[in-house]
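The values are calculated or read from the model by the stated rules, or taken from the named source; none is laboratory data. Keep in mind the model is a prediction, meaning the values are calculated, not measured. Note that we place each Cβ from the backbone using ideal geometry, even for glycine, and neighbour counts take in every protein chain shown.
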Amino acid sequence: MGHAFVAASPTMIEMLRGILAENDGAHVVVDVHGIGFGADVPASTANELPAIGEEVQLFTYFYVQENIVRLYAFRTRQERDIFEIFIGVSGIGPKTALGILSAVRISDFVNAVLESDVSQLTKIPGVGKKTAERLIVELRDKVKHWGVSAAVTAPRDSSATVPRREAVLRDVSAALQALGCKAAIADRAAERAMEKLGEDAALEALVREALRHRY
């Protein structure tokens, strides 16, 4: 039996600069001289992008595993580097890594790891107890150096430009889409979660509730 080919490289396509053609909160298309490059993005990136039709620059990670080829994009090098560290943890794939970046602030994630707070980490969609324990063991020393990155990659406060309700719904929907939900389903699940928990509920709680309504 042959060995499965597994490779991941951030350098084949290091960066994209072009016109933002699409942004649905979890996937973007960048028009680079007439060629549309599609890439999956976390909510922390999607929420910071300019309007459709404007120029954008994204740092990318090209991922290949057996018959899976995906391009992931991030608004900063630091965010991409953190994504790469996440997928280097046993049991963490790109989908879960994007889910972490979409669902929580990196500063909160760092605190949970440093405090060995398994219960806090398991609130992140896609992260169970065993995965949380692996994150703590494998990242405890690394996250100590994320001080600058934590501030850079934290999801923005969208309330300054759009009403809180719409901003939160968008973030919840983006988190679900990062976990594989289709946009329409994620939007509907986000609405139902907010109807049940209210607009002031924590993002993590809304995402968990929305996951119950994704079918």
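Of all residues in the stretch 30-47, those satisfying the criterion of being part of a loop (DSSP other than H, G, I, E, B) and crowded, with 17+ Cβ neighbours inside 10 Å are V41, P42, N47.
Per-residue answers, yes or no, for (1) under 23 Å from K182 (Cβ atoms); (2) at pLDDT below 80; (3) in a loop (DSSP other than H, G, I, E, B):
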residue	(1), (2), (3)
Q57	no, no, no
F83	yes, no, no
S107	no, yes, no
V110	no, no, no
V113	no, no, no
S119	no, no, no
I136	no, no, no
V152	no, yes, no
R156	no, yes, yes
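The criterion of being within 20 Å of F86 (Cα to Cα), out of contact with any Asp or Glu (no Cβ under 7 Å at 6 or more places or on another chain) and modelled with pLDDT of 65 or more does not hold for G147. Residues that are surrounded by 19 or more Cβ atoms within 10 Å (Cβ to Cβ) and either farther than 16 Å from G126 by Cβ or at pLDDT below 75 (or both) within the stretch 176-192 comprise L176, Q177, A178, L179, C181, D187, A190, listed in sequence order.
Filtered by the rule that a residue be assigned to a helix (DSSP H, G or I) and without any contact (Cβ under 8 Å) to a residue 40 or more places away in the chain, the stretch 71-81 gives a lone residue, R77.
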